[in-house]
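A short worksheet on the structure shown next.
The values are calculated or read from the model by the stated rules, or taken from the named source; none is laboratory data. The model shown is predicted, which means the values in this text are computed figures rather than measured ones. Here the Cβ is made from the backbone with ideal geometry for all residues, glycine too, and neighbour counts use every protein chain on show.
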Amino acid sequence: MHESGFETDIIVIGAGVIGLACARALALKGFEVILLEAEAQIAAHTSSRNSEVIHAGLYYAEGSLKARFCVEGRRALTNYLDARGVTRNPCGKLVVATNDEEAEALAALKARADRNGVEALRLISGTEARALEPALSQDIRAALHSPVSGIFDSHAYFLALQGDLEDAGGHVVLASPVEHGRQAGARICLKTGGDSPAEITARWVINAAGHRAVEMAARIEGPHTVTLPEMRFVKGSYFTVSGKTPFSRLIYPMPTTASLGLHLTIDLGGRGKLGPDAEWLPAGMVPPFDYRVDPGRAERFYASVRRYWPSLPDGALMPDYAGIRPKLVNEGEPSGDFRIDGPGEHGTPGLINLFGIESPGLTSSLAIAEHVAELTR
């Protein structure tokens with residue numbers, strides 16, 4: 001197969017939501033941008049295998065990138081969705097405490113969220129929570145009400161980002177895996193495979209390869225390869241609820257170190273959905289992943305969810321889909337932060353690596369993209 005070669009301003013690797021948002025932001029600033037995707041479609045993995053929740057920014061360590069980008073990104077995202085006519089439901093969320101210890105932790109959660117700039121939060125009693133959602137357990141001691149949380153049509157959002165990118169002169173090139181990268185003076189030259197292999201040289205390369213971001217960084221020669229993190233992966237399975245779900249808001253338990261707990265969401269079609277759980281995959285496991293849902297995991301869902309929804313009927317849960325979260329920490333450790341490394345951190349000119357972009361990456365995507373664009377100045 002003949003291999004072509006050409007130059008561009010910026011290459012973005014990975015057409016998940018972060019790659020799409022970064023490519024869009026850079027194209028709108030006047031750069032010539034090529035977005036390379038190994039799969040035959042955009043948003044094939046993490047971006048399309050989640051809860052489609054617009055997060056308020058409740059959970060993240062003060063001063064962290066997650067805290068900053070979730071709040072900034074959520075404000076930008078809601079404005080963007082409304083401007084583009086993308087469907088969203090600002091249904092709000094209740095984080096519920098089922099005992100006194102959780103109620104104390106809930107107050108601390110609100111205090112931290114307040115410091116991170118989350119708007120309109122209210123601590124309410126169990127009685128007030130049941131007035132809003134009568135199907136909640138009598139054991140609910142307190143709840144944190146977040147009216148700015150909601151859900152949205154993430155796939156329409158991805159298409160809108162792609163449309164903006166292409167309208168600004170950018171290009172999405174599918175089925176074009178990056179095989180190798182090397183320094184070419186002040187630029188980086190990438191070799192791609194697929195049906196139309198090419199060598200593309202760019203001033204900047206943005207590595208937004210998601211699950212494969214560390215693997216991708218290792219394929220590009222340079223000083224950054226000395227400081228690459230180890231990636232761990234957590235599988236999260238979802239189950240749908242048959243019949244009508246007696247809630248109008250998102251219902252979340254108190255979070256754990258690995259996930260936000262087995263929460264209830266109502267999708268845009270009114271269907272109830274529970275998950276994700278947190279199944280740590282063995283160390284060293286790499287993509288491609290098995291996304292099948294084990295029906296046997298439903299038993300844990302029943303036990304956990306009935307702490308806040310006691311009338312969940314037997315036999316109501318059906319396996320739906322699973323996603324894989326990229327982690328930069330090990331099991332049992334506090335949830336890590338996003339890691340966005342530019343030349344100042346790793347010493348390789350023209351390269352920006354994005355590692356561990358898990359939840360709230362979807363909500364944070366526009367803010368992350370603006371940050372990346374600033375790094376290219």
(request) Given the conditions (1) in a helix (DSSP H, G or I); (2) of a type outside the set (D, E, K, R); (3) surrounded by 16 or more Cβ atoms within 10 Å (Cβ to Cβ); (4) not assigned by TED's automatic domain parsing to the domain that holds G16, report the number of the one that A111 does not fulfil. (result) (3)
(message) When you scan the range 237-244, do you find a residue that is buried (at least 19 other Cβ atoms within 10 Å of the Cβ) and part of a loop (DSSP other than H, G, I, E, B), even just one?
(response) no
(message) Restricting to the range 67-108, give me the number of residues that are surrounded by fewer than 17 Cβ atoms within 10 Å (Cβ to Cβ), outside any helix (DSSP H, G or I) and aliphatic (A, V, I, L, M).
(response) 0
(request) Determine whether the range 200-207 contains at least one residue that is within 24 Å of I357 (Cβ to Cβ), in contact with a strand residue (DSSP E or B) (Cβ under 8 Å, 6 or more places away or on another chain) and aromatic (F, W, Y). (result) yes
(request) Enumerate the pairs (first residue in the range 287-315 and under 24 Å from A142 (Cα atoms); second residue anywhere and outside any loop (DSSP other than H, G, I, E, B) and not aliphatic (A, V, I, L, M)) with beta-carbon separation below 7 Å, excluding pairs fewer than 6 apart on the same chain, so at least 6 apart or on different chains. (result) F301/F239; L312/Y302
(request) Determine the pairs where a residue that is farther than 12 Å from G19 by Cα and modelled with pLDDT of 95 or more, located within the range 348-377, has a partner that is of a type in the set (S, T, Y) and assigned to a helix (DSSP H, G or I) with Cβ atoms under 8 Å apart, the partner being 6 or more residues away or on another chain. (result) E358/T46
(message) Any residue that is in a helix (DSSP H, G or I) and either at positive phi or under 16 Å from the mean Cα position of the chain (by Cα) (or both) - is there at least one of those in the range 21-39?
(response) yes
(request) Taking the options G342, G315, G284, G347, name whichever one is surrounded by fewer than 22 Cβ atoms within 10 Å (Cβ to Cβ), in contact with a helix residue (DSSP H, G or I) (Cβ under 8 Å, 6 or more places away or on another chain) and at positive phi. (result) G347
(request) Residue by residue through the range 272-308, note down the ones that are among the hydroxyl-bearing types (S, T, Y) and over 22 Å from M231 (Cα atoms). (result) Y302, S304, Y308
(message) Between a residue in the range 273-285 that is within 9 Å of F233 (Cβ to Cβ) and any residue that is surrounded by fewer than 19 Cβ atoms within 10 Å (Cβ to Cβ), which pairs come within a Cβ distance under 9 Å, given they are 6 or more apart or on different chains?
(response) W280/N330; W280/E331; L281/F289
(request) Could you list all residues from the range 316-345 that are in a loop (DSSP other than H, G, I, E, B), touching a residue at least 60 places away in the same chain (Cβ under 8 Å) and small (G, A, S)? (result) A316, G332, S335
(message) Quick check on this structure: which one of V205, V293 is outside any loop (DSSP other than H, G, I, E, B) and either surrounded by 20 or more Cβ atoms within 10 Å (Cβ to Cβ) or out of contact with any helix residue (DSSP H, G or I) (no Cβ under 6 Å at 6 or more places or on another chain) (or both)?
(response) V205
(message) If a residue must be small (G, A, S), free of Cβ contacts under 8 Å to residues at least 60 places away in the same chain and within 14 Å of T8 (Cβ to Cβ), how many such residues does the range 182-234 contain?
(response) 1
(request) All but one of (1) surrounded by 17 or more Cβ atoms within 10 Å (Cβ to Cβ); (2) free of Cβ contacts under 8 Å to residues at least 60 places away in the same chain hold for R24, so report the exception by its number. (result) (2)
